[in-house]
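Peer 1: Below is the structure I would like to discuss, written out as structure tokens.
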Amino acid sequence: MNLKNIKNMIFIVLIFTSMYFLTNLLASDEYFKQANDLYAQKNYSAAAELYQKLVDQGLASKELFFNLSNAYYKNGQVGLASLYNEKAFRVAPRDFDIKYNRKIINKLHDRRFISWLELKAIFSILGGGFFLLLTFSLYFKNRKLFWTKIVIFMLLFITFSCLYYYYYSDYRYPKAIVISHEAIMRAEPNEDSQSLLTILEANQVLIYREKNDWINIYAPDQGIKGWTERTNLGKI
């Protein structure tokens, strides 16, 4: 096979690949428009189904997640509404409408903005800062120099502590939303195990590890760790 034939084959492959992606893009755009029309007609169930089909195809955007969240919310599926609003929030955390919906869902389900996990982190930071303040007060004799260095050090300490906390909570352990009506947390990954807690729909949890059809989670609002069935959760 000569060089000219190879170039022709590459050109043909590129043409067909481009046509394939263009066709999928046009089809996705048509699905999105149809879903928007169904939503406008208050057919929320059908609209959610079409939006979900686009998500299942691997598409991801602020508009898609936001519209899907609204469709699920209007259809009474608050857990799924919360899940996709959180996905939209991750894409566009400064969007006013997304933040507003987030507040509505949090208020509706009495979700705390400061969880037990966050309270423990805050008290740890304050306790560490107080200990360092005491140490510095014993070490420095020059009061003016002491307070200047204390202020600078405390600002750095709080900044790096907050950065570490957000890294720890957002990246070390993935988050999930309860999408079923309720999720029963058990001591062991089986249905006969002791029930520790019932978590209501739309509440957020941290994922520690997974085992077959079970997921080991931590409920930050209650400070309890246990197992629940995979089908109860939607990963953010």
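Peer 1: Where Lys and Arg each count +1 and Asp and Glu each count -1, what net charge lies around A92 among other residues with Cβ under 14 Å from its Cβ?
Peer 2: Net charge in that neighbourhood comes out at +2.
Peer 1: Checking the a/c ratio against 1.5 first, then a/b against b/c, what shape does the Cα gyration tensor give for region 175-235?
Peer 2: Here region 175-235 falls in the rounded category.
Peer 1: Provide the gained length on full extension for the span D192 to E49, in nm with one decimal, where the gain is 0.36 nm per separating residue minus the Cα-Cα distance.
Peer 2: Stretched fully, the D192-E49 segment lengthens by 48.0 nm.
Peer 1: Right, here's the next one. Just order 70-81, 197-208 by mean Cβ neighbour count inside 10 Å, highest at the front, would you?
Peer 2: In descending order of packing, they fall as 70-81, 197-208.
Peer 1: Subtract the Cα-Cα distance of D37 and L59 from 0.36 nm times their separation in residues, and report this length gain in nm to one decimal.
Peer 2: Between D37 and L59, full extension yields an extra 6.0 nm.
Peer 1: Only Cα pairs under 8 Å and at least 6 apart count here; give the relative contact order of region 175-235 as a rounded whole percent.
Peer 2: Across region 175-235, relative contact order equals 39 percent.
Peer 1: Another question about this same structure. How far apart, in nanometres, would the label points at H181 and K235 be if each is projected 7 angstrom from Cα along the Cα-to-Cβ direction?
Peer 2: 2.8
Peer 1: Here is a follow-up. Which FRET efficiency, nearest 0.05, do R94 and K74 yield, Cβ-Cβ r, R0 30 Å?
Peer 2: Efficiency, rounded to the nearest 0.05: 0.75.
Peer 1: Moving on. What FRET efficiency, computed as 1/(1 + (r/R0)^6) with R0 = 25 Å and r the Cβ-Cβ distance, is obtained for Q222 and F153, rounded to the nearest 0.05?
Peer 2: For Q222 and F153, the calculated efficiency is 0.10.
Peer 1: Past the 27 Å Cα-Cα mark, which pairs from K87/K211; K42/K99; K99/K211; K74/K225?
Peer 2: From the list (K87/K211; K42/K99; K99/K211; K74/K225), the Cα-Cα distance tops 27 Å for K99/K211; K74/K225.
Peer 1: Using 0.36 nm times the number of residues separating K107 and R209, minus their current alpha carbon distance, what extension gain do you get?
Peer 2: Contour length minus the Cα-Cα distance gives 33.8 nm.
Here, each number is a calculation from the coordinates, and none is a lab measurement. Worth saying up front: this structure is predicted, and the values here are computed from it rather than measured. Positions of Cβ are generated from backbone atoms using ideal geometry, with glycine treated the same way; all protein chains shown enter the neighbour counts.
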